[in-house]
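Please treat every number below as a calculation from the coordinates, not as lab data. Keep in mind the model is a prediction, meaning the values are calculated, not measured. FYI the Cβ positions are ideal-geometry reconstructions off the backbone, even for glycines, and counts take in every protein chain you see.
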Amino acid sequence: MDLRYSADDEAFRSEVRTWLSSAVPRHGPPPPTDDWPARRSYETGWQRELHDAGYAGLAWPAELGGRGLPVSQQLVYLEEYAAAGAPYIGVNFVGTMHAGPTLIAEGTDDQRRQHLPRILRGESVWCQGFSEPHAGSDLASLRTRAERFGDEYVVTGQKIWSTRAHVADYCELLVRTDPHAAKHKGITWLILDMHQPGVEVKQIRTIDGDSHFCEVFLDEARVPVANRVGAENDGWRVTNVTLRFERGTAFAQHIITLRSQVRKLVALALAMAPSAGSGAGSGAGAVAAWDDPGLRRRLGGLDANVEALWRMTQMCISEADSTGAPSPLGSAVKLRYSELGQELAELAMRLTGRGVVATAAPDDAVAETVCDYLWSFQSTIAAGTSQIQRNLIAERILGMPKGR
Amino acid sequence: MKSSEGFAVETVAPSIMDFRLDDTQLGLQETIQRLCASRAGLDRIGEREGLPIDRTFWNDLAQLGTFSLLLPERNGGAGLGVVEAAVVFEQLGSYLTTGPLTWTLLAASHVAGAATGDLLVGGIDEATTFGDDRLVVEHAADLDALLVLRSDGVFLCAGDDLTRPHELAALDPLTPVGRFDALPEGDRVGDAPAARHMRIVGTALSAATLLGVSARALEVARTYALEREQFGVPIGSFQAVKHILADMYVRTVMARSAVYAAAAVADDPVAAGAGVDPPERAVAIAKFLAGEAAIANASAAIQVLGGMGFTWEMLPHYLLKRAWVLEHAFGTSDTHALTLATALERDVR
């Protein structure tokens with residue numbers, strides 16, 4: 001056991017910190033949340049800056065345009081990235097965290113040459129076409145059909161929960177190529193060009209009022225056979241390569257931001273008088289919420305959980321790195337992260353007080369608190385619900401029999 | 001290396017960001033586990049009730065180097081660190097090993113005879129214990145000496161100076177507790193930094209022991225869920241039971257991450273990447289999570305074992321009671337949460 005960062009890691013840390021301290025303010029504040037073209041260009045522009053400064057594809061092999069950094073430096077990077085309040089990678093998420101790594105692991109040389117450099121430079125945006133209206137937790141029951149005619153697949157069906165599909169150029173698409181095979185055996189992984197007839201995208205308005213998620217309707221959309229990743233009907237295995245990223249390293253960047261969320265809550269508690277409900281009233285006699293020992297204990301406890309979760313994330317990532325297989329800790333990391341994030345978001349609602357019932361401006365701090373709170377509900381549903389994660393832990397790690 | 005049967009010490013080339021136990025640590029784990037299983041196994045735990053501490057077993061623990069782990073080799077120790085001690089104490093916790101284990105280890109550097117198992121040393125930390133609670137000491141009647149951690153230093157009260165304790169009705173059937181009428185001043189055997197260091201190590205090792213209790217509770221519940229059948233199937237095939245077990249697992253791995261990180265920080269704050277993590281903060285995190293995990297997991301084990309879990313015969317109540325004894329040593333979860341809050345406030349202001 002050795003938890004230290006090496007001298008090289010620390011040198012890398014100061015290099016990253018220096019660059020972020022000038023690049024983040026230079027890139028400016030994000031555009032309004034409802035201006036999606038502006039959001040795409042803000043986020044891809046940031047990806048381009050990361051690329052030009054040498055911070056794109058840190059985990060990717062150097063021969064494919066990445067940096068090939070050791071995991072310790074990827075973790076250092078995430079720590080500094082969160083501490084600097086750098087822009088969320090947003091529209092670049094699927095490309096850099098899912099599709100890119102899948103092409104690296106399973107793609108052909110042509111596919112890698114065509115896509116990887118553009119993902120790294122922020123020139124192409126990807127979305128995910130996995131879930132369907134009838135295939136949520138039971139993803140392998142998906143029905144979107146692809147039939148092969150010559151050197152093309154013709155795809156018809158419907159996808160849902162495709163994040164930011166309305167601003168995407170490509171979709172990592174799961175289709176059924178053999179309807180007669182067992183459900184896991186008839187699935188194929190395709191690269192779908194979103195800019196073509198037969199692809200219709202409809203945004204879904206979610207409880208936070210935003211529209212990240214989309215439905216994608218496919219009506220005889222065309223995919224060249226050359227865009228197939230892995231063998232026909234071998235898509236479930238290819239998918240699991242992607243899901244491994246989703247349950248492992250991809251969460252790390254969110255988890256590290258919980259640290260600054262805890263500190264934000266402390267600052268809020270120090271600034272806020274108790275809410276009207278406490279009966280203490282406001283004015284001269286009001287005391288800061290921070291003076292309540294019960295609240296201090298709660299925040300201290302949340303801090304303990306956040307720090308331990310970051311250690312567990314480090315453990316999960318370094319374990320996956322040393323064994324080459326995903327760590328069984330992945331489900332525990334995802335489960336704890338999503339529930340802890342919700343707890344923090346709910347506490348922010350309480351501390352903010354009556355302000356949450358009506359915000360003065362669409363993008364002020366209170367609106368952000370409300371938005372974060374409502375958005376946090378997706379985290380225990382997306383990428384395997386908390387219930388699915390608990391089943392996975394009980395069955396795969398603790399060896400409980402499958403059943404209901 | 002202490003003796004031919006003791007903990008072997010090897011130099012291992014440092015690797016970077018590696019959470020795996022190295023060969024030395026795995027060796028320690030196996031050695032202590034084997035000893036506990038053969039000499040104080042959990043299957044006959046009821047027979048240990050009401051008996052004085054098994055001094056033969058205690059001597060065997062000492063022979064293995066349990067109490068001298070942290071002493072430098074020139075002083076007859078193993079020259080190992082808090083991480084290695086945490087590995088050992090996690091195992092001791094999981095076997096509900098009886099006796100003032102943490103305090104005897106802490107005393108090894110100040111009291112001749114503690115490291116060798118000849119003397120049983122108990123203790124009290126006055127910084128985290130208040131009022132008359134300071135007079136309540138585990139294993140009081142069996143102690144040869146008592147260490148007291150005060151803000152200005154470490155004080156040693158020899159057995160002769162201690163009044164005879166009043167035996168109390170103990171919560172944990174395996175941890176007798178006594179109350180002294182008063183604590184003597186004692187001899188000052190260490191300065192304030194020494195007291196601070198002992199408090200850090202003691203907190204880390206109490207957390208490691210609690211981690212062992214949590215892991216054992218999970219194991220007991222898991223085994224029962226696989227064996228016990230209702231409605232014609234093992235109860236572990238029901239999602240309602242699976243989800244209890246999954247939460248027990250998550251609490252255990254969270255506590256484990258925090259305990260070993262804290263142990264590494266206690267060994268070397270700089271090397272463990274603890275720029276913002278002074279040892280007090282790291283051990284507070286560990287003790288908070290391990291305390292909560294042990295109590296919650298032991299409680300959950302009672303629930304999973306159903307009616308059997310409510311009986312004296314089964315293990316869960318021993319685990320729960322030991323968890324509470326440890327929860328109230330070296331600061332409760334509440335105390336540590338407040339410590340963390342104070343550190344956060346400093347950070348934010």
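Straight-line reach from A:Lys202: which lysines have Cα under 27 Å away, leaving out those fewer than 8 places along the same chain?
A:Lys159
Return, for the Cα atoms of chain B, the radius of gyration and Dmax in Å, separated by a comma.
In Å, with Rg to one decimal and Dmax whole: 19.9, 65.
Sort the following peptides by mean Cβ neighbour count (other Cβ atoms within 10 Å, averaged over residues), highest first: A:67-80, B:194-207, B:156-169, A:100-113.
Values: A:67-80: 20.9, B:194-207: 24.8, B:156-169: 14.2, A:100-113: 18.0.
Ranked by mean Cβ neighbours within 10 Å, highest first: B:194-207, A:67-80, A:100-113, B:156-169.
Is the stretch A:13-102 best put as rounded, prolate or oblate by its Cα gyration tensor, with a ≥ b ≥ c the root eigenvalues, rounded for a/c under 1.5, and otherwise prolate when a/b is larger than b/c, oblate when not?
Working: a/c = 2.05, a/b = 1.26, b/c = 1.63.
Since a/c reaches 1.5 but b/c is at least a/b, the shape of the stretch A:13-102 is classed as oblate.
Starting from the Cα-Cα distance between A:Thr108 and A:His180, subtract it from 0.36 nm times their residue separation and give me the gain in nm to one decimal.
Working: separation 72, 0.36 × 72 = 25.92 nm, distance 2.75 nm.
Full-extension gain reported as 23.2 nm.
Mind jotting down the three principal axis lengths of chain A based on Cα atoms? Whole angstrom, largest first.
Answer, in whole Å and largest first: 79, 49, 47 Å.
If you consider only alpha-carbon coordinates, what radius of gyration and Dmax does the protein assembly as shown have, in Å?
Just the Cα atoms of the protein assembly as shown yield Rg and Dmax of 28.5, 95 Å.
Using a cut-off of 9 Å between beta-carbons, work out the net charge of the residues near B:Pro176 (Lys and Arg +1, Asp and Glu -1, B:Pro176 not included).
Numbers: positive: none; negative: B:Glu138, B:Asp142, B:Glu167, B:Asp172.
Taking every Cβ under 9 Å from that of B:Pro176, the sum is -4.
Taking the Cα atoms of the stretch A:53-174, report the difference between the largest and smallest coordinate on each principal axis, in whole Å and largest first.
Ordered largest first, the stretch A:53-174 gives principal extents of 45, 30, 24 Å.
Considering every residue in A:390-396, what mean count of other chain Cβ atoms within 10 Å of its Cβ is obtained?
Details: counts 9, 4, 2, 9, 15, 4, 0.
Average per residue, whole number: 6.
What number, rounded to the nearest 500 deg cm²/dmol, is the helix-based mean residue ellipticity at 222 nm of chain B, given -39500 (n - 2.57) per DSSP H run of at least four residues and division by all its residues?
Values: 10 runs with 170 residues, N = 349.
So the calculated ellipticity at 222 nm is -16500 deg cm²/dmol.
For A:Gly57, what charge total do you get from the other residues with a beta carbon under 15 Å from its beta carbon, if Lys and Arg give +1 and Asp and Glu give -1?
Working: positive: A:Arg48, A:Arg67, A:Arg112, A:Arg113, A:Arg118, A:Arg121; negative: A:Glu49, A:Asp52, A:Glu63, A:Glu123.
The answer is +2.
So if I average 1/r over every pair of distinct C-alpha atoms in the stretch A:94-233 and take the inverse, what Kirkwood radius in Å does that give? If you can, show how the numbers build up before the last one.
Values: mean 1/r = 0.0661 Å⁻¹.
With all distinct Cα pairs of the stretch A:94-233 included, I get 15.1 Å.
Quick check: from the Cα gyration tensor, does the stretch A:113-182 come out rounded (a/c under 1.5), prolate or oblate? Could the numbers behind the result be given before it?
On the way: a/c = 2.51, a/b = 1.45, b/c = 1.74.
Oblate, because a/c is 1.5 or more while a/b does not exceed b/c.
Cβ under 13 Å from B:Ile244's Cβ, B:Ile244 left aside: what net charge do those residues give with Lys, Arg +1 and Asp, Glu -1? Show your work: numbers first, answer last.
On the way: positive: A:Arg390, B:Arg222, B:Lys242, B:Arg251; negative: B:Asp247.
It works out to a net charge of +3.
Where does each of A:Lys402, A:Lys185, B:Lys321 land when they are ranked from fewest to most other beta-carbon atoms within 10 angstrom? If you can, show how the numbers build up before the last one.
Details: A:Lys402 9, A:Lys185 15, B:Lys321 19.
Listing A:Lys402, A:Lys185, B:Lys321 from fewest to most nearby Cβ atoms yields A:Lys402, A:Lys185, B:Lys321.
Roughly how crowded by other chains is peptide B:255-265, in terms of the mean Cβ count from those chains within 10 Å of each of its Cβ atoms? Don't skip to the answer; put the middle values down first.
Details: counts 2, 5, 13, 7, 2, 4, 9, 3, 2, 5, 1.
Mean number of neighbouring Cβ atoms from other chains: 5.
Please label the shape of the stretch A:148-209 as rounded, prolate or oblate, based on the square roots a ≥ b ≥ c of the eigenvalues of the alpha-carbon gyration tensor (a/c under 1.5 means rounded; beyond that, a/b larger than b/c means prolate, else oblate). Write out the running numbers ahead of the final one.
Working: a/c = 2.74, a/b = 1.57, b/c = 1.74.
Oblate shape, in that a/c is at least 1.5 and b/c is the bigger or equal ratio.
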